[in-house]
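What follows is a short report on a single structure.
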Amino acid sequence: MQLVPGFLPLIVSLMLQTLCSNFLRSVVGQHERDNGIDFVYHNYNEMVVLLHETAWKCRSITRLYDIGRSVQGRRLYVLEISDNPGVHEVGEPEFKYVANMHGNEASGRQLLIFLAQYLCDEYTKKNKRIQKLVNNTRIHLLPTMNPDGFEMAYRRYVTVGRVPSMYGRGNANDVDLNRDFPDLNDIMYQHEQTGGANNHLLRTVRENKESRQPETQAVMDWMTDYPFVLSANMHDGDLVANFPYDKSRNTRKMYSATPDDNLFRELALTYSLHHRTMATRTHPCRFQGAKVFRDGVTNGADWYIVSGGMQDYNYLSSNCFDITLELGCDKFPREEELKRKWEDNRDALIEYISKVHIGIKGLVTDIERNPIANAVIRVTGPSIAHDVTTAADGDFWRLLLPGVYTVTVHARGYKPKTVVVPVRRYRPTKVNFILKHLPKESTGCKLRELEEEGYILGGFKAALRQFGFLGEDCDGLVERREDVLGNREDTTASP
Ligand SMILES: *[C@@H]1O[C@H](CO)[C@@H](O)[C@H](O)[C@H]1NC(C)=O
Ligand SMILES: [Zn+2]
């Protein structure tokens, strides 16, 4: 996961190469510069150099690391930007942007490279808003999840000028990475019928790591290593912000809402409304069946069905809320378009990150103030049938729209606790839970209760229990799933 020191000579020689080619380009003068940002495509080597340069330039707020390698051995680099890079600060939410999982969809990759430079420069220039965002958020940027596919498409772009729409989409094994994640929707839809969880479902399947592409596996491992709260993944081919579910309840194309539908809609709107044209354009893209989306947002399965996609996987396997951004009609736009792309997206990119600071957040501890990991945070009134869990330090984040909520925390071996909290628009409400141990003899409790109680009734019951009118229940839903499944290795940090 860490940088290899022996990599340095290679970097230096690549830097020299880049300097030369930049020099030639500036003599020829066919590209545009702004704030020191070079609005050109970067192939893998050039990208690696630029990421190292940016990381070095802003070394007090960055860390460059990789999460694994592609089929052809290219490193999947992540640039972390935060005031204390390399450490999870208790209570500070983590955010990710993932681009270029389809190798021939190129603008997101460039936007993240530009965003890294922009955040670095503005932080240095003491831009208050950027400083505040970086100081209070741990931002992770993965500019390319599919570097092999990009190299193939980019070579075609350089030689022919146009990239066919499927050329370089898959990884080097020609697998579509946005169909390669575990499909958890079928399990969840089953649970909707029979009662059961809507979250952390990877625990209910036996994963065979060999069957995943290395790029997919790297992202899955990354998601278990970091307690991500919010993210987006970037594509090209249309202009719209797309939110879960991507897979419908049957095989037909139809609006497929999550329990967090209002929240997801708001998150998607945050991007589209701050984008220069996403919400307001009047013409569809020029291909068969293209349409104009109202306000520039759409439910995934209402548009077309994806199974094994990354955004549904985020929601159903982890605490992370992920949406999919389609950044333009052209999958591989011409280099001359990149500056305008950046200007179209810049505010939306920043505004969307700041959405990680809504809802409630806090700490779950026992009465001696020891953190409790994997405690279940459940919103029971108004009922939202999707739980999040605490990270390794006992901290949690539950994105919510403004309102008043009843929230119950369950943790194995502790009395559950319920509070009523107001949520405002622009900052999270902090709420800490201190849980009491259950008396020893009552730990063998009603195993099925938590799982089977409805969410609305659940809040009421939890409140009664709080005041001692009902018996205790003992375990969080997630922990009990572990018991049922028995022999599982893993889960160091949060799910
Ligand atoms: C961000 O943190 C840095 C380093 O601690 C500090 O110098 C700066 O004033 C902070 N900026 C804001 C806007 O909080
Ligand atoms: Zn795509």
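The values are calculated or read from the model by the stated rules, or taken from the named source; none is laboratory data. This structure is a prediction, so every number in the text was calculated from the model and none was measured. Heads up, the Cβs are rebuilt from the backbone with ideal geometry, glycines too, and the neighbour counts pull from every protein chain shown.
Some values worked out for this structure:
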| item | result |
| --- | --- |
| Helices (runs of 4 or more DSSP H) enclosed by segment 248-321 - at least 2 residues per element that are aromatic (F, W, Y) | 261-274, 310-317 |
| In segment 174-203, residue farthest from the chain's Cα centre (by Cα) [restricted to those that are assigned to a loop (DSSP other than H, G, I, E, B) and buried (at least 20 other Cβ atoms within 10 Å of the Cβ)] | A197 |
| Qualifying positions in segment 320-340 - among the charged types (D, E, K, R) and crowded, with 22+ Cβ neighbours inside 10 Å | D322, E326, K331 |
| Identity of the residue in segment 101-152, outside any helix (DSSP H, G or I) and of a type in the set (S, T, Y), that ends up nearest to ligand 1 (Cβ to nearest atom) | T137 |
| Qualifying position, being under 20 Å from R138 (Cβ atoms), surrounded by 23 or more Cβ atoms within 10 Å (Cβ to Cβ) and touching a residue at least 24 places away in the same chain (Cβ under 8 Å), among T390, T298 | T390 |
| Cross-chain or 6+ apart pairs with Cβ under 7 Å, segment 413-439 first and crowded, with 20+ Cβ neighbours inside 10 Å, then at pLDDT below 95 and not in a strand (DSSP E or B) | Y414/L438; P416/A462; P416/R465; P416/D473; T418/A462; T418/A463; T418/Q466 |
| Residue within segment 153-160 that is within 16 Å of ligand 1 (Cβ to nearest atom), modelled with pLDDT of 95 or more and hydroxyl-bearing (S, T, Y) present | no |
| Residue within segment 165-173 that is assigned to a helix (DSSP H, G or I) and either in contact (Cβ under 8 Å) with a residue 24 or more places away in the chain or closer than 21 Å to Y315 by Cα (or both) present | no |
| One residue from D225, D236 being touching a residue at least 40 places away in the same chain (Cβ under 8 Å), within 17 Å of M145 (Cβ to Cβ) and surrounded by fewer than 22 Cβ atoms within 10 Å (Cβ to Cβ) | D225 |
| Enumeration of residues in segment 219-251 that are of a type in the set (A, V, I, L, M, F, W, C), within 16 Å of ligand 2 (Cβ to nearest atom) and under 25 Å from G168 (Cβ atoms) | V219, A232, M234, L239, V240, A241 |
| Out of N242, N319, N299, sole residue that is out of contact with any helix residue (DSSP H, G or I) (no Cβ under 9 Å at 6 or more places or on another chain) and modelled with pLDDT of 95 or more | N319 |
| Tally of residues being within 15 Å of ligand 2 (Cβ to nearest atom), polar (S, T, N, Q) and farther than 23 Å from R69 by Cα across segment 124-174 | 1 |
| Residue ID - surrounded by the most Cβ atoms within 10 Å (Cβ to Cβ), chosen from residues in segment 240-254 that are in contact with a strand residue (DSSP E or B) (Cβ under 6 Å, 6 or more places away or on another chain) and over 18 Å from L316 (Cβ atoms) | A241 |
| Those residues of segment 403-440 which are polar (S, T, N, Q) and outside any loop (DSSP other than H, G, I, E, B), in sequence order | T406, T408, T418, T429 |
| Condition broken by S82, with the remaining ones in (1) within 16 Å of ligand 1 (Cβ to nearest atom); (2) touching an Asp or Glu at 6+ places or on another chain (Cβ under 6 Å); (3) small (G, A, S) satisfied | (2) |
